[in-house]
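Right, one structure below, let's go through it.
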């Protein structure tokens, strides 16, 4: 595995662009790095294309390019490979794939956004690795590249020096992870708050935002337990079950949660289940009984009690309030 730089060394980010690239795949990560610089980061971004020519994105916006991929001599820290709506044809572009391979060879970390994972796979960089992509195309990635283990539910996946992210805005999630990797959780959290985004978005594999406002566990055994709860909130995460997973006694598990997480095991599990339920209510029309079952509450009544106790509203009221981005300000403007 390639090593990421540490300390206060400037971090060079190279973004590969091409005709028809998806605009947010490019600008989302760049905005994260630029915002990180406002909080003490030292990111420098350069834009390259296969031939060095400026490009027009799928949205019709032009992007200025600094140099051709073949002209890259200075070793970079991160290379970002965005995707585009015409990814099937991009996979057949030999010049583009050569650029992907050349930039990866010059980089400590290679990160794809959305369907950019297909470019990495076509270049042979995902062979034997775990990866993700936009949920609409995850089956296609698995079908075309059986040597890649596709994790369709993940917001992003890290395997060795390569990271892949899911659809479009998840490139922001991945970029925040890179900021945290280089500058620490406090800076990443400040960037997320400034951009008004989740540092770790609810929904998707173990990406629950409850993890952003709890301390990082020092003990590996406890981190395994936390990951297991986040990956499957519906599982029976009793104190005894968590203690068995960690290989400690229930009393010791309770002490670990108290000392490292400043909460109880039961309270932590409920927080994760609450956020999983919130994500389901915001993004689906599933009946309350289904939401309760899939998020570990068991019954619609238990779900209702938890929402009333934690948020002061019923699940139905929460869904009505947060299913849309339409706000009172919109009504006033209209």
**Item:** Whole-number percent relative contact order across the range 11-188, with pairs defined as alpha carbons under 8 Å at least 6 apart
**Value:** 21
**Helix-derived mean residue ellipticity, 222 nm - over the chain, DSSP H n ≥ 4, -39500 (n - 2.57), to 500** = -13000 deg cm²/dmol
**Request:** Please give the contour-minus-distance gain from residue 67 to residue 153: 0.36 nm per residue of separation, less the Cα-Cα distance, rounded to one decimal in nm.
**Result:** 27.4 nm
**Message:** Testing the spin-label approximation: label points 7 Å from Cα along Cα→Cβ at residue 311 and residue 37. State their distance in nm.
**Reply:** 3.8
**Complete:** Taking Cα atoms, the helix 300-311 axis meets the longest principal axis of the chain at an angle in degrees (rounded to 10) of 80
**Asked** How far, in degrees from 0 to 90, does helix 23-37 lean away from the longest principal axis of the Cα atoms of the chain, to the nearest 10?
**Response** 70
**Prompt:** Can you give me the relative contact order of the range 203-322 as a percent, contacts being Cα pairs under 8 Å and 6 or more apart?
**Reply:** 24
**Rounded tilt (10° steps) of 265-283 against the dominant C-alpha axis of the chain** = 60
**Item:** GNM top mover of 241, 68, 138 - the chain, alpha-carbon springs below 10 Å
**Value:** 241
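Gain in length, residue 86 to residue 264, computed as 0.36 nm per residue apart minus the alpha-carbon separation, to one decimal in nm?
Details: separation 178, 0.36 × 178 = 64.08 nm, distance 4.89 nm.
The span from residue 86 to residue 264 would gain 59.2 nm if fully extended.
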**Message:** Contact order normalised by length for the chain, with contacts defined as Cα pairs under 8 Å and 6 or more residues apart; what percent is it?
**Reply:** 12
**Item:** Point-to-point label distance, residue 135-residue 252, nm (Cα→Cβ direction, 7 Å offset)
**Value:** 3.9
**Prompt:** Who wins for biggest fluctuation among 313, 65, 197 in a Gaussian network model of the chain, springs between alpha carbons below 10 Å?
**Reply:** 313
**Fill in**
With Cα springs under 10 Å, the Gaussian network model of the chain assigns the largest mean-square fluctuation among 60, 83, 41 to 60
**Residue-span extension gain [residue 223 to residue 74] - 0.36 nm each, minus C-alpha spacing** = 49.9 nm
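Read the figures in this text as sums done on the coordinates, not as results from a lab. Note that the structure is predicted; figures quoted are calculated from it, not measured. Every residue, glycine as well, gets a Cβ built from its backbone with ideal geometry; the counts of neighbours run over all protein chains shown.
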